[in-house]
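Peer 1: This is the structure, below, for whatever I ask next.
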Amino acid sequence: MAKGTSFTRMVAARRQRSSLSHGQKRCRSGGGEILLTSMDHDEAKPGFAIELTAKISGALHIPVIASGGAGTMEHFYDVFTNGAADAALAASIFHFKEIPIPSLKKYLGDRGLPIRIVH
């Protein structure tokens, strides 16, 4: 798969298209947010796809949720600051308790990012 392309699952078929044009089409059709998952980064933990996230976030007027690639707390900081993501999603690092959620929230808050703390 070429970098910057997206897949859309349509019943039994998959179509490949530019991630940006796909996001723009979803915006025009009333999409409320984009869940942007990098298949190249997912489960590998090299960090989020920062360049792609920044490109999509900068071009769309709806929130972008970055997904795929989180392996460290720094990866989250990077996707919010350099990737301009509105939110970030991770699974395995939390399921396997590699990074406790309260520690991540403290880390991000200590670096000036607005974090909601729930008690």
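Peer 1: Tabulate in residue order the Karplus-calculated ³J(HN,Hα) for segment 61-71, using 6.51 cos²θ - 1.76 cosθ + 1.60 with θ = phi - 60°, rounded to whole Hz; enter x for Gly and Pro.
Peer 2: Karplus-based 3J(HN,Hα) across segment 61-71 equals 9, 10, x, 10, 9, 7, 8, x, x, 5, x Hz.
Peer 1: How much net charge surrounds G32 when only the other residues with a Cβ under 15 Å from the Cβ of G32 are counted, with Lys and Arg +1 and Asp and Glu -1?
Peer 2: Value of the local net charge: +1.
Peer 1: Length gain on complete extension for the stretch S92 to R116, per 0.36 nm per residue less the alpha carbon to alpha carbon distance?
Peer 2: 6.5 nm
No lab work stands behind these numbers, since they all come straight from the coordinates. As the structure is a computational prediction, the values presented were derived from the model and not from experiment. Here the Cβ is made from the backbone with ideal geometry for all residues, glycine too, and neighbour counts use every protein chain on show.
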